[in-house]
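Below: the structure, in structure tokens.
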Amino acid sequence: MPARGIPHLHLGRLDAGSAERAAFLADLRAAARDVGFFHLAGHGIAPAEIADVQALARRFFALPLPEKQAVAMVRSPHFRGYTAAGREITRGAPDWREQFDIGAEREALPRTGTSPPWNRLQGPNQWPAGQPDLRVGLLRWQAAVTALGIRLLRAFALALGQKEDVFEPIYAGAPNQHIKIIRYPGREATGGEQGVGAHKDSGFLTLLVQDGQSGLEVEGPDGWIAAEPITDSFVVNIGELLELASNGYLRATVHRVVTPPAGRDRLSVAFFLGARLDATVPLLDLPPDLGAEARGPASDPDNPLFRDVGRNYLKGRLRSHPDVAARFYGDLATTGSAA
């Protein structure tokens, strides 16, 4: 693994015999703890599948603006749909990217007077009428990356000295599956260099496919580290759920995207794997050598971490999309929280 930079891991080592498997798990644990990000090859998803989902994303962003606005996220209480550049907020500033969000295709949960606010997050996606193949393609991609994400999650459990199915009780049946296709316009078409502001991800794992344009940066001890694109590889990072479960032995890492230079754009396809919305994150009983190095979850007054999964996820959605929050979650202003 590079002394400074994003480590490179090959998932095929997991099935290459007991010695290589143990070495891979040690490298996985070190990459997640020391950097929080790694490039992943040998993942089993064919280059043609990656090219297909990138082509779907390109065709979506090429649709006329009225067709994209017809599926605007502000129409969805479930935070699904299109967001124009400058309309999502990170740390109080606009993100200069346009994007389209989907989740698992599930029916909306019934609401009662005692329903937790996060139950509004579950519900159907919106799909553009002008691109009927987008639904089939993105749901097919969702199934493929979910399987990959769960395989990685099981590997992380082993790397932390646990049974490989230790996380299954909190994701089985209805894992949180969130895809975001994203286009970052060039600097001449933006109001600043913040493609997306510095933040952490809220789930278990994020698996990202990039095109050839750089821009993703990871916060390191000596400044920002570029996660340069590597063809047919994923960039993987851990989220807040693994930080909570490991008592901070693993730490979700702050990252950002810098707007591309003028005349260029950047395309990425992100998948966020999380637990069920009704789940509570357990505190793992780590082996003594790992437990002694656990630092506790990071304490940030502007980003409190909750073990209640739905509450933790809703917190981020409300903050990032104030227009959706105002339209569908105005009642929370009277309670003062997403609890």
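Values for this structure:
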item	result
Candidate set from segment 75-112 (those that are in a strand (DSSP E or B) and free of Cβ contacts under 8 Å to residues at least 60 places away in the same chain); member that is surrounded by the fewest Cβ atoms within 10 Å (Cβ to Cβ)	Gly81
Residues of segment 141-168 satisfying the condition of being in contact (Cβ under 8 Å) with a residue 24 or more places away in the chain, in a helix (DSSP H, G or I) and farther than 17 Å from Phe24 by Cα	Trp141, Gln142, Ala144, Val145, Thr146
When residues of segment 1-42 are limited to those that are in a helix (DSSP H, G or I) and charged (D, E, K, R), the one nearest to Ser233 (Cα to Cα)	Arg13
Residue list for segment 43-74, filter: of a type in the set (Gly, Ala, Ser), assigned to a helix (DSSP H, G or I) and surrounded by 14 or more Cβ atoms within 10 Å (Cβ to Cβ)	Ala57
All positions within segment 219-241 that are among the charged types (D, E, K, R) and either part of a strand (DSSP E or B) or within 15 Å of the chain's Cα centre (by Cα) (or both)	Glu219, Glu240
Residue list for segment 1-32, restricted to those being in contact with a strand residue (DSSP E or B) (Cβ under 9 Å, 6 or more places away or on another chain) and crowded, with 17+ Cβ neighbours inside 10 Å	Ile6, Pro7, Leu9, Leu11, Phe24, Asp27, Leu28, Ala31, Ala32
Residue identified as of a type in the set (D, E, K, R), within 17 Å of Ile182 (Cα to Cα) and out of contact with any helix residue (DSSP H, G or I) (no Cβ under 6 Å at 6 or more places or on another chain) among Glu49, Glu67	Glu67
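Computed from the coordinates by the stated procedures, all read-outs in this text should not be read as laboratory data. This one's a predicted model, so the numbers in the text were calculated from it and none came from an experiment. As a convention, Cβ positions derive from the backbone with ideal geometry for all residues, glycine included, and neighbour counts pool all protein chains shown.
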